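These notes concern the structure reproduced below.
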Amino acid sequence: MGSLAMPHPAPIDALCVFCGSSRGADPRHAGDAARLGRILAENDVRLVFGGGLNGLMGVMADAALDAGGLVTGVIPHHLVNREVAHRGVSELIEVDTMHARKQRMFELSDAVAVLPGGIGTLDETVEMLSWKQLGLHGKPVVLVDSGGYWRPFAALLDAFVENGFARPAIRELFLSVGDVGDVLPAIATAREAAVPSRPELF
């Protein structure tokens, strides 16, 4: 495999990545997590993640660290033992609540990427999009739709529109890519476009 570095400087200094604390049934997801960790390290982009040792979180963090990258984990006190906090990261930040975890991860990052995960990952994703819809931020949010994992979520958003609870522009709140190698280029494109942070969604 050749270099994972982008042909131009990375568009950001730090990326918040939400993903599962389990590996999931499809081995491609762990492979994608490892690749994204290496890509971030090779492009000098700090990984900001949920601080867990297990699942896709641990796979991604280990890959970034093994490639010489900087990794910041953010984890609530009550999950330190339950999720087995990753003590080998560059920086481990403990916070009081799940909401504080999301807030801190967001604050430390220039953009957000989402890999497959469960209800916790869904909660994190929806809150990032909700904040963006309300005009609280304009950071790019990228969903990695490996194997069509996020298609049901996109269908749910379509249902919101069809039933009059959102306008079609809701789909502009995030970008979708099929491969982790496209995450940083997608973020670069979004930042260059400088799309207004509050499209008409209501």
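The values are calculated or read from the model by the stated rules, or taken from the named source; none is laboratory data. This structure is a prediction, so every number in the text was calculated from the model and none was measured. Neighbour counts run over all protein chains shown; Cβ positions are idealised from the backbone, glycine included. Note: accessible area is taken over every heavy atom of the protein model, side chains too, but ligands, DNA and RNA are not part of it. Shrake-Rupley method; radii C 1.70, N 1.55, O 1.52, S 1.80 Å.
List of remarks:
- Heavy-atom accessible surface of segment 123-182: percent carbon and sulfur, 1.4 Å: 53
- Once both labels are positioned 7 Å from their Cα atoms along Cα-to-Cβ, the gap between LEU122 and THR97 label points is 2.2 nm.
- Largest first and in whole Å, the equivalent-ellipsoid semi-axes of segment 42-162 read 25, 16, 15, each the square root of five times a Cα gyration tensor eigenvalue.
- Taken over segment 94-195, the percentage of Cα pairs per 5 Å bin, counting from 0 up to the bin with the maximum distance, is 2, 11, 21, 25, 22, 13, 4, 1, 0.
- Surface share of carbon and sulfur [accessible, 1.4 angstrom probe, percent] for segment 63-119: 50
- Peptides 173-182, 45-54, 118-127 ordered by average Cβ neighbours within 10 Å, highest first: 45-54, 173-182, 118-127
- Length gained when the stretch GLU172-GLU107 is fully extended (0.36 nm per residue, less Cα-Cα span): 21.2 nm
- Global form of segment 28-77, assessed from the alpha-carbon gyration tensor, a/c cut-off 1.5: oblate
- Debye log10 I(q)/I(0) for segment 110-167, one point scatterer per Cα, at q = 0.12, 0.25, 0.26, 0.28 Å⁻¹: -0.30, -1.19, -1.23, -1.28
- Cα-based helix-to-principal-axis angle, 55-66 vs the chain, degrees rounded to 10: 60
- What the Cβ-Cβ distance of GLU162 and ASP66 gives, at R0 = 41 Å and to the nearest 0.05, is a FRET efficiency of 0.35.
- Each residue of segment 97-103 is assigned a 3J(HN,Hα), and the resulting list reads 9, 5, 5, 4, 4, 4, 4 Hz, derived from the Karplus form 6.51 cos²θ - 1.76 cosθ + 1.60 (θ = phi - 60°), x at Gly and Pro.
- Residues of the chain: accessible area per residue with a 1.4 Å probe, Å²: 47
- Rounded to the nearest 10 degrees, the inclination of helix 119-133 to the longest alpha-carbon principal axis of the chain is 50 degrees.
- Over the chain, the Kirkwood radius and the radius of gyration, each from Cα atoms, give a ratio Rg/Rh of 0.95.
- Label-point separation, HIS137 to ARG151 (7 Å along Cα→Cβ), nm: 2.9
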